[in-house]
Amino acid sequence: MTTETLVTENSSRNNPVFTVLIAIAAWIVPGLGHLFLRRWSRAVGFFVAAGGLALAGYAMHGQAFKPGSGDPFGTLGFVADAFSGAFYFLPRVLTIVRPDLSHAAGDYGTRFIAAGGIVNLLAVIDAYGTARGERG
Amino acid sequence: MTAEAIRDSHFAAMVLFALLVSVALACLGRQTLTGRIKFALWSFALFLVIGVGVAWLMYPFSR
């Protein structure tokens, strides 16, 4: 690692705008925050894990919670789902979400989508910590 | 593993869940690539062993 790279990384770590942008990027597309930080394997890992869980959930006809359900569990489900970023919003925009909770697989799918969001929440926290220089 | 296989088989769903969550936990818990691969394999194996073990324990109460 060159001196110039070290100086650039250190100045970036002291920039709160940079760390927040990294966290937002990590939320919008799983792994993107780590990609900007050049943590290649973690970027791929989080993209595959969060994206795979969300897509498998949709394939199993799981239900993605909508905002403003008025139900505490529905709100909690929406928060968990929304942390998938693009994997929550794009399928809704493309209207490929066809929930079917009449079978156990649909119920499992709902949990898969929520798990994808939680995994990406952990990835966002990890990317934020890495951008601040608190993690490797 | 096709979408139909995941929908029709609870075991296939569990295997996929274990695999993907293990990858995420490995990325969070270890710093080196080798450490991550080892951690992911170990976590995946534990998910499966404990999942099947719990299923066997619950089997007598399922009928």
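The values are calculated or read from the model by the stated rules, or taken from the named source; none is laboratory data. Note that the coordinates shown come from a computational prediction; the quantities given were computed from them, not determined experimentally. Here the Cβ is made from the backbone with ideal geometry for all residues, glycine too, and neighbour counts use every protein chain on show. Just the protein is used for accessible areas: all its heavy atoms, side chains included, with ligands, DNA and RNA removed. Shrake-Rupley method; radii C 1.70, N 1.55, O 1.52, S 1.80 Å.
Leaving ligands, DNA and RNA out of it, report the carbon-plus-sulfur percent of the accessible area of the stretch A:14-136 at a 1.4 Å probe.
It is 71 percent, rounded to a whole number.
Relative contact order for chain A: what is it in percent, counting Cα pairs under 8 Å that are at least 6 residues apart?
Result for chain A is 33 percent.
Residues of the stretch B:1-39 with the amide nitrogen closer than 20 Å to a label point 7 Å from the Cα of residue B:62, along Cα-to-Cβ, please.
Counting only backbone N, you get B:5-19.
Ignoring everything except DSSP H segments at least 4 long, calculate the 222 nm mean residue ellipticity for chain A; use -39,500 (n - 2.57) per segment, divide by total residues, nearest 500.
-22500 deg cm²/dmol
Report the residue, chosen from A:70, A:106, A:51, that carries the largest GNM mean-square fluctuation when chain A is represented by alpha-carbon nodes joined by springs under 10 Å.
Checking each option, the largest mean-square fluctuation is seen for A:70.
Determine the shielding of peptide A:53-59 by partner chains: average, over its residues, the number of Cβ atoms on other chains within 10 angstrom of each Cβ.
That average works out to 4.
What FRET efficiency comes out for the pair residue B:50/residue A:100, r = Cβ-Cβ distance, R0 = 45 Å, nearest 0.05? Display every interim value, and only then the final one.
On the way: r = 29 Å, r/R0 = 0.65.
FRET efficiency, residue B:50 to residue A:100: 0.95.
Hey, if we sort A:36, B:39, A:47 by accessible area with the 1.4 Å probe, largest down, what's the order?
A:36, A:47, B:39
Taking only protein heavy atoms and a 1.4 Å probe, what accessible area per residue, in Å², does the protein assembly as shown have with all protein chains in place?
57 Å²
Round to the nearest 10 and give me the degree value, 0 to 90, for the angle of helix A:72-82's Cα axis relative to the longest principal axis of chain A.
Rounded to the nearest ten degrees, it is 50.
How much of residue A:34 can a 1.4 Å solvent probe reach, expressed as accessible area in Å² and rounded to 10?
Near enough 0 Å² of accessible area.
Cα centroids of the stretch A:17-73 and the stretch B:7-63: how far apart, whole angstrom?
Each part's Cα centre sits 20 Å from the other's.
Return a whole-number percent for the relative contact order of chain B, with Cα pairs under 8 Å and 6 or more residues apart as the contact set.
Relative contact order here is 26 percent.
Tell me: how much accessible area in total is hidden between A and B, 1.4 Å probe, Å², nearest 100?
The buried area between A and B, both sides summed, comes to about 1600 Å².
If you rank B:58, B:14 by how much accessible surface each has, with a 1.4 Å probe, what is the order from largest down?
Working: B:58 115, B:14 55 Å².
The residues order as B:58, B:14, largest area first.
Rounded, prolate or oblate, given the Cα gyration tensor of the protein assembly as shown, with a/c below 1.5 counting as rounded? Please list the in-between numbers first.
Numbers: a/c = 2.55, a/b = 1.52, b/c = 1.68.
Note, shape of the protein assembly as shown comes out oblate.
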